[in-house]
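First up is the structure itself, then whatever we jot down about it.
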Amino acid sequence: MLARFENIPTMTIPLPDVASSESSLTLLPLDGVGMQGIDIPLILDEPGIIAPVHARADLQVDLPVPQIKGIHMSRLYTLLDRFAEDHAVGPASVAALLQLMVASHADCHSTQAAVRLSFALLCKRPALVTQGLSGWKSYPVMIDGQWRQGRLALTVSVDVTYSSTCPCSAALSRQLLEQAFRGYFGAGAVDAKDVAAWLRDHGSHATPHSQRSVARVQVSIDPDAERLGVLSLVDRVESALGTPVQTAVKRADEQAFARLNGQNLMYVEDAARKIQQAVTGRFAASSVSVRHLESLHPHDAVAFTSRQGASKPEEGFV
């Protein structure tokens, strides 16, 4: 197939550049112009994370001069590609990328830039009890960086999946168990062995409902921080909740997980408060959005809280 192009002469005529040579017909400034959903391999500056992650990158700069028709998309793409090859993702490297994005569009009079990096952080987690047993768990992460007025604003958002057991349902189940116990044994004295045998057969006379649940936690990162601290944030959230979902399990691990659920009953309000308490004071701003995918209802239960000006985590590119 290459032979078909062998006789084509090398082009010496300059290629047209409409974005530079033509003016916009509608004279309005734009807050952001760029690209969304660029596939890119990234190295994270996180302890224990060595392999690259498959990320999606969104890039944009502002276009404040109404007469300029368009930005230079290829410049942004090239900067991102070099960033991925030469740097691990951290506060300093993100700041450097944003500054280069602005500098690359000096001819467009750009002064602002934004980047979003979205990826799944894959971590190996040990079983609760069984020694040597572990499995992989995925945590969706979003890193948002903005360069405005010569300053970096940086946030990290992570989704953590956990189990939630309803306190009300647990109380109702205990009441039914109590009624069944009294109905069987009556009001007289009972033998401990008989009680133990009855509980083995009837202890699950009624069980509370629990469900897989998701918390999205967004925190602001100090621009001078050495690292983003994604893994430490995940660990803090899972510790606060007490019931992170498990990967590889044997019966002993499943039993330990059931105990954790029984010891950490929570409404959606409880989950939001636990997480917010765990991150408050450690970040300049934070927000928590939790969702319980109800097993009792066909709809979800949700709660949201924020501290010091943090906004609710959103799905789209800011």
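Numbers for the structure displayed
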{"quantity": "Counted charge near Leu152, where neighbours are those whose Cβ lies closer than 12 Å (Asp, Glu -1; Lys, Arg +1)", "calculated": "-1"}
{"quantity": "C-alpha long axis of helix 192-202 to longest principal axis of the chain, angle in °", "calculated": "50"}
{"quantity": "Residue of Val195, Val302, Val219 that the Gaussian network model of the chain assigns the largest fluctuation, springs spanning Cα pairs under 10 Å", "calculated": "Val195"}
{"quantity": "Mean projected area in nm² (Cα convex hull; one quarter of hull surface) for the range 214-254", "calculated": "4.0"}
{"quantity": "Globularity index of the chain, i.e. its alpha-carbon radius of gyration over 2.2 N^0.38 Å", "calculated": "1.39"}
{"quantity": "Exposure rule at most 10 other beta-carbon atoms within 10 Å, DSSP loop GluC sites (Glu not before Pro): the chain longest free segment", "calculated": "7-225"}
{"quantity": "Percentage of interatomic Cα-Cα distances in the range 118-169 larger than 16 Å", "calculated": "65"}
{"quantity": "Ascending count of other beta-carbon atoms within 10 Å, so fewest first, for Phe185, Phe119", "calculated": "Phe185, Phe119"}
{"quantity": "Residue exposure sequence - Asp31, Asp270 - by fewest surrounding Cβ within 10 Å", "calculated": "Asp31, Asp270"}
{"quantity": "Fewest-first ranking of Asp235, Asp253, using other Cβ atoms within 10 Å as the exposure measure", "calculated": "Asp235, Asp253"}
{"quantity": "Pairwise label distance in nanometres, Ala120 with Val65, each label 7 Å out on the Cα-Cβ vector", "calculated": "4.4"}
{"quantity": "Over the chain, relative contact order from alpha-carbon pairs under 8 Å, at least 6 apart, %", "calculated": "15"}
{"quantity": "Cα long-axis angle, helix 167-185 against the chain (0 to 90 degrees, to the nearest 10)", "calculated": "20"}
{"quantity": "Angle between the chain longest axis and helix 251-263 axis [Cα atoms, degrees, rounded to 10]", "calculated": "90"}
{"quantity": "Per principal axis, descending, Cα span of the range 190-283 in whole Å", "calculated": "65, 28, 21"}
{"quantity": "FRET efficiency, Leu25 to Ser306 (Cβ-Cβ, R0 51 Å, nearest 0.05)", "calculated": "0.75"}
{"quantity": "Extension reserve of the Ser134-His54 stretch, reckoned as 0.36 nm per residue once the Cα distance is removed", "calculated": "26.5 nm"}
{"quantity": "For the chain, calculated [θ]222 nm from helices alone, where every DSSP H run of n ≥ 4 adds -39500 (n - 2.57)", "calculated": "-9500 deg cm²/dmol"}
{"quantity": "At most 14 other Cβ within 10 Å, DSSP loop - trypsin sites (Lys or Arg not before Pro), the range 209-318", "calculated": "Lys250, Arg282"}
{"quantity": "Net charge dipole size for the range 1-150 [Lys, Arg +1 and Asp, Glu -1 on Cβ; Debye, nearest 20]", "calculated": "480"}
{"quantity": "Contour minus Cα-Cα distance for Arg212 and Arg200 (0.36 nm per residue)", "calculated": "1.7 nm"}
{"quantity": "Cβ-derived FRET efficiency at R0 51 Å, Gln36 paired with Leu296, nearest 0.05", "calculated": "0.85"}
{"quantity": "Mean-position separation - Cα centroids, the range 232-306 and the range 119-189, in angstrom", "calculated": "4"}
{"quantity": "Residue with peak Gaussian network fluctuation, the chain [Cα springs, cutoff 10 Å], from Thr26, Thr280, Thr111", "calculated": "Thr26"}
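No value in this document is a laboratory result; all are computed from the given coordinates. Keep in mind that what you see is a predicted model, and the values were worked out from it rather than measured. All Cβ positions, even for glycine, are placed from backbone atoms using ideal geometry, and neighbour counts span all protein chains on display.
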